[in-house]
Amino acid sequence: MRRLWLAVVFFVMNCSTNDAAGRQNAAVSCKNRKDLVGECFKVRGRLRFYGSYPPCRIWPVGSTHLLGLSDPNSLPPNVACGEGFEVYADYLVCPLTGAKPSGMQMVCVASAVNIRASEVKREGSH
């Protein structure tokens, strides 16, 4: 468990230091994209890596739908998406597609605060 936390911290710090300017510009540009279909909104959710498209998704706490990230490389510099961990945070997301009751809405992430990362629990593990 300790190794996982160190890996998560290293990953986030590495992304932040190596590409902070590019990722920050991408996050700022999220709010200014020409293809937004509505106003940006706040959501408390869990960011997790999935094996299929889109690979990074946010599950809004208390809901049954997912928000798909159109470009996981454009996350703000203080949050990362990868295998083995999940990131709970208060996200400011901007919609790229309309919301559907039974479908995934595509979004970009403008910012993330109140961040808490944890190890992904594997089924059958205790």
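The values are calculated or read from the model by the stated rules, or taken from the named source; none is laboratory data. Since the model is a prediction, treat every value here as computed from it, not as a measurement. Backbone-built Cβ (ideal geometry, glycine too); neighbour counts: all protein chains shown.
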What pairs can you find where one residue is in the range 27-40 and modelled with pLDDT of 90 or more, the other is assigned to a loop (DSSP other than H, G, I, E, B) and among the small types (Gly, Ala, Ser), and their Cβ atoms are less than 6 Å apart, with a gap of 6+ or different chains? VAL37/GLY98
Whether any residue in the range 69-81 is within 14 Å of ARG44 (Cβ to Cβ) and touching a strand residue (DSSP E or B) at 6+ places or on another chain (Cβ under 6 Å) is what I want to check. yes
